[in-house]
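Down below is the structure, laid out as structure tokens.
What follows is calculated from the coordinates using simple rules that are stated; it is not laboratory data. Keep in mind it's a predicted model, so treat the numbers as computed, not measured. Positions of Cβ are generated from backbone atoms using ideal geometry, with glycine treated the same way; all protein chains shown enter the neighbour counts.
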Amino acid sequence: MKKIPYSIFNLLQYFITIYGLTILPVPHHHARKVKNVYDSFSDHFLLPQDFDLAQKLPVKRPTPAELDAIQNNRLFEGDILGIPLDEELQYRQRLKDSPLDDSDEIFRKPYHSSLNLVTYPDKLWTDGRVPYMLEEGMTNAQRAAIAQALDEYKEKTCIRFVPRQDSDYDYIYIKRNVAFGCSSYVGRAGGNQTVSLEIGKCFTKGIIAHELMHSLGFFHEHSRTDRDDFVIIDEENIRPGMLRNFEKYPKKIIDPLDMPYDYESVMHYHKLAFSKNGKPTIVPRDSNAEIGQRYRLSKIDADKVNKLYKCKSPSPETTAPPEPGEETTTTPKQTKNKTTKTTTTTSTTKAPTSTTTRRPTSGRWITGDRWKIKFTTTTTKKPKFTLALKTTTVSTTTVETTTKKKKLEKCENLNAHCEMWEQLGHCQHSAKYMNHYCRKSCGLCSTEPNGEVIEKPKETKKQCVDKNLFCGYWARIGECRSESKFMKIFCRKSCGKCED
């Protein structure tokens, strides 16, 4: 019997397996590695689908039970990690006996920081860039809540929460807990620092934004030196042993940044914080003020972040779609007068322009956690058309009115994750989302000589197809029933997810 050449044998092993009458490609080692590493990425970082869901879901307002989750009796001020309570109590006693001086080391520990940059210059995140990782196994709803909070910072500040890379030694690790409430360190603590969120209580946009603001370097609003001018602390209603959570700090610790006291801050305790009897523990001196909202960053919250991090303007890499830009033009409004009409016609002209597209040629793995796709560039000529138009000139008495005209769309990344998403292949496999949010990373920045972005044809209805050669095989062995995000995104047809 003639031997089958080795290369042909490998080819058969690579492509063919038989289930009844169905011939399915069998994934080789590289294909399995692609799938496994993709699932690892998707577990630890947010994907386009998470931000898309974040925009579709309503922003949830925390319930009283959820607000209680930031009142952990075992933590400093209820939700701040890094200060052991025994050392905190010693600090409190020294603070009462004498003004804070250089002998007070509690706030000089490497795990703690504050707003005062003179005292703590090394506790801010460099250039407002905050690397993060997620605990694996989070649900779609939990991931969407985190995405909503990140979007809030992207829309209002220059802070960028970005996927952690191998070179990032300092980063925040967002994880879940059971019955331990919501908590965070204050400022950049060094190494892997936890933002911990209790399942069922902490996964709302406002609470997550609160904890992330701690991680940026902010204490609670009621801890300000001048707080007694704005709120009254009713000690009679505070739980035994919890009065320590209502201290105020000298400016050496907390710098108010010349900002007014903010009743609307996402960092302000609510009125029943640590109450023993259901009566207010914090009473605003302004009877019309509401305190303790956990829904959004207030304007002053955003201004504080931008001032602390010396932001020139909110980051262009926003994770939520910006409102279309508008410019004002003046146009005539017709009044009742005798008119004469003249008609003019413009002619059609054509001018060749170049558009550039990028397509993947081969996927290649490198050491570490990054997946890079090689791209080649091809250039095609596209004619520019000026359509023949009939215009009518009307001679009339006019009154000036103001109308609004949309600005041209800028070609830029609207999400700090775009580079990673491009390397994971989302420019091809999540085209609708990426074409809007990551046009720069996906190579969709072709422009006319005058800088205008070329308008692309409207997208047709999305077909439900498999986007990987081995989807049929993986579906047959039960991968659709697993938690694999690769299968949910790339194998919708084989997994019967076409209606999702």
What residues qualify as long-range amide H neighbours of residue 268, i.e. H under 5 Å apart, gap of 5 or more or another chain, H built at 1.01 Å from N? 221, 292
Cα-Cα over 26 Å, subset of 60/304; 201/276; 175/271; 251/299; 123/312: 175/271
Ranked list, fewest to most other Cβ atoms within 10 Å of each Cβ, for 203, 45: 45, 203
Could you give the nm distance between label points at residue 63 and residue 445, where each point is 7 Å from its Cα heading toward the beta carbon? 4.8
Suppose R0 equals 60 Å. What FRET efficiency, 1/(1 + (r/R0)^6) with r the Cβ-Cβ distance, do residue 289 and residue 140 give to the nearest 0.05? 0.95
Tell me, what is the FRET efficiency for residue 248 and residue 467 to the nearest 0.05, using R0 = 51 angstrom and their Cβ-Cβ distance as r? 0.35
Please give the FRET efficiency for residue 169 paired with residue 257, using the beta carbon to beta carbon distance and R0 = 30 Å, rounded to the nearest 0.05. 0.60
How big is segment 233-306 in terms of Cα radius of gyration and Dmax, in angstroms? 13.4, 39
Set the bar at 19 Å for Cα to Cα. Now go through 156/485; 154/310; 205/310 and name every pair that lies beyond it. 156/485; 205/310
Taking segment 163-229 and dividing mean pair separation by its residue count, relative contact order in percent (alpha carbons under 8 Å, at least six apart): 31
